[in-house]
Amino acid sequence: MAMRIDCDIHPAVGGTRTTLLPYLDDHWKEQVVSRAIDGLDLTSYPPGMALSGRPDWRPKDGKPGSDFEMVQRQALDGLGASHAICNVLYGAQAVYDPYMAAAFCKAINDWIAAEWLSRDPRLRASIMVPMQAPDLAIEEIERRAGDNRFVSILVLAQGETLLGRRHFWPVYQAAEKHKLPIAIHAGSQYRQAPSSIGWPSYRYEYYLAEAQAFQAQVLSLIYEGVFLKFPGLKAVLMESGISWLPAFMWRANKTWRGVRVEVPWIDREPAAIMRDHIRLTTQPFDSPPDAAGVADIIDQIGSDRMFLFASDYPHWQFDGDDAIPPHLPAGLVLKMCADNPLETFPRLNLAA
C-alpha cells in the first residue's frame, strides 16, 4: 500500500470523570470529583452538531471519535491511512485557570499515548499545551518531547492573543529544538468574539469567520518575525480551508510593498515566507467544483509543498470513502500524502 499520512484525525475524550481521571494527579482527581467537573468539550465542536460527526461515523453510544476500534476500522483501514496524527479537541486549552489547563493537557497527552498510540503503531499525536501559560506549555513540550510518537504541538486558532507575540517565542524555541511544527487548529478559547467586529448570531457565521482567524495568525507570525527568529519552524493550518489563500497572499504582498518601512526585518514578500513555513490540511477543501477552478487555485498558491492530506475524521467534511478532494493532480496527491507530511513533521521518521 502506498504511504498515505492522514495529518488530522480527532479521537474524542469520553468524559473528564471517566476517561481522564486515572491520568490526573491526586489534587486534580479530588477537584474533578468534588467539583463535579465534566463536559469540558470544546464548544467549537459540540458533539451533537452534525459537522462534528458524519452519521455513519457516529458510534451507537458516546461521542464521534471515542470508539477506538471504530476509528481503526473507518479512519485507518477504511480511508487507507498508513499513519494518522491524532489531534484531540477538548476544552483543556480553553479553561481560565492555567494550572487546571496544564493538568488537563498533561492528562490528555498521557491518555492518548497509553490508550491510542500504544494500541496501533500507525498512530501519532500532537502535544496539547496550555498556551494561556507559555511557561507551562514549555514544561509539557519538554515532558513529552522524548516520545517521538508526538510529532507536533496543538494550539487553537482563536486564543487570548495573536500567536506571533513575543511572549510565545520561548514556546517556538522549544518547538524548533524538538522538530515539532505548530499545528494551529480551528477552534476558540472564546476570550474574544470570533468575528473581528463582534459576536455573530448564527453558527454558520462563526464557522466562516474561522478563516479570518487563520489569516490574522499567519500575518502575526510573519510580521512579528517568528520565522526569522526560528527559521526551522513550520505552522500547519488545520481545518482552515484553502480557497481564501491566493487572494490573501496577493493582498499581503501588495500591502507589504507599501508599508514595509514599519517592518524592515521582513526582507522578502510575505507570500514567499508562507510558501516556506505555512502548510494547510486538505479538509475542508473549499475549492471550486470543477477541475479548471481547482487548477487555478493551486497555480495561484504557487507551491505544491503547502498541501497536507487529512481526512478530518470524524468531522463531516466529505461524503463517501475517499478523503482525497476531487480534481487534484495526481502528482500533488502523491506529495501531499507522503513527501509533504514527512517534510513538515520530521518526527514521523523517528518514531519506531
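Coordinate-derived values only; no laboratory data. Model, not experiment: these values are computed from the prediction. Note that each Cβ is placed from the backbone with ideal geometry, even for glycine, and that neighbours are counted across all protein chains shown.
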The stretch 294-350: C-alpha pair distances exceeding 14 Å, %: 60 percent
When the Karplus curve 6.51 cos²θ - 1.76 cosθ + 1.60 is applied with θ = phi - 60°, which whole-Hz ³J(HN,Hα) does each residue of the stretch 2-9 get, with x for Gly and Pro? 5, 5, 9, 8, 8, 8, 7, 10
Rg over Rh of the stretch 86-224, using C-alpha atoms and the Kirkwood radius, what does it come to? 0.97
At 1.567 mPa s and 4 °C, Stokes D of the stretch 196-352 from Kirkwood alpha-carbon radius, µm² per second: 77 µm²/s
In a Gaussian network model over the chain where Cα atoms closer than 10 Å are linked, find which of S201, S220, S66 has the largest mean-square fluctuation. S201
Under 16 Å Cα-Cα from K29, which aspartates and glutamates qualify once same-chain neighbours fewer than 8 residues away are excluded? D38, D97, D110
Connecting C-alpha atoms closer than 10 Å in a GNM of the chain, tell me which of L328, L342, L42 has the biggest fluctuation. L328
Long-range amide H partners of V88, meaning residues 5 or more apart or on another chain whose placed amide H is closer than 5 Å, are S126
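For the chain, give me the percentage of DSSP beta bridges that are antiparallel, rounded to the nearest 5 percent. The partial results should precede the final answer.
Working: 1 of 25 bridges.
Taking every DSSP beta bridge with both residues in the chain, the antiparallel ones total about 5 percent.
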Under 5 Å from the placed amide H of D8, counting only residues 5+ away or on other chains, we find I85, S311, D312
So, with +1 on the Cβ of K and R and -1 on the Cβ of D and E, and no other charges, what is the size of the charge dipole of the stretch 80-209 about its Cα centre, to the nearest 20 debye? 280 debye
Using only C-alpha positions, report the orientation-averaged shadow area of the convex hull of the stretch 152-231, nm², one decimal. 5.2 nm²
Rg (one decimal) and Dmax (whole number) from the Cα set of the stretch 118-187, in Å, equal 12.1, 39
What is the gain in length, in nm to one decimal, between V33 and Y202 on full extension, counting 0.36 nm per residue of separation less the C-alpha to C-alpha distance? 57.4 nm
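Counting only C-alpha contacts under 8 Å and six or more residues apart, can you give the relative contact order of the stretch 1-137 as a whole percent? Intermediate values should be presented prior to the final figure.
Details: 195 pairs, mean separation 42.3, N = 137.
It rounds to 31 percent for the stretch 1-137.
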So what's the Cα pair-distance distribution over the stretch 258-328, bin width 5 Å, in %? 3, 14, 20, 19, 15, 11, 7, 6, 4, 1, 0
Helix-only mean residue ellipticity at 222 nm for the chain, each DSSP H run of n ≥ 4 adding -39500 (n - 2.57), per residue, nearest 500: -10000 deg cm²/dmol
From the phi angles alone, apply the Karplus equation (6.51, -1.76, 1.60; θ = phi - 60°) to the stretch 159-172 and give each ³J(HN,Hα) in whole Hz, x where the residue is Gly or Pro. x, 7, 7, 5, 6, x, 4, 5, 5, 8, 4, x, 5, 6
Can you check how the C-alpha radius of gyration of the stretch 1-119 compares to 2.2 N^0.38 Å, as a plain ratio? 1.11
Counting all Cα-Cα pairs in the stretch 82-149, those more than 14 Å apart amount in percent to 55 percent
In the stretch 130-287, taking the dipole from +1 charges on Lys and Arg beta carbons and -1 charges on Asp and Glu beta carbons about the Cα centre, the listed residue (G164, P264, L233) farthest towards the positive end is P264
For a 24 Å ceiling on Cα separation, which of these pairs sit above it: K63/K177; K179/K254; K106/K177; K60/K106; K177/K234; K179/K335? K63/K177; K179/K254; K60/K106
Residues whose built amide H sits under 5 Å from the amide H of H185, excluding neighbours closer than 5 in sequence, are V155, L156, A157, M238
What number, in percent, do you get for the relative contact order of the chain if the mean sequence gap of Cα pairs under 8 Å and at least 6 apart is divided by its residue count? 20 percent
From the phi angles alone, apply the Karplus equation (6.51, -1.76, 1.60; θ = phi - 60°) to the stretch 176-191 and give each ³J(HN,Hα) in whole Hz, x where the residue is Gly or Pro. 5, 4, 9, 6, 10, x, 8, 8, 9, 9, 3, x, 9, 7, 6, 7
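What is the dipole size for the chain, taken about its Cα centre, with +1 at each Lys and Arg Cβ and -1 at each Asp and Glu Cβ, in debye to the nearest 20? The partial results should precede the final answer.
On the way: 34 positive and 42 negative charges, 136 e Å.
Charge dipole of the chain: 660 debye, to the nearest 20.
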When the chain is modelled as a GNM with alpha-carbon springs shorter than 10 Å, which of V32, V95, V333 fluctuates the most? V32
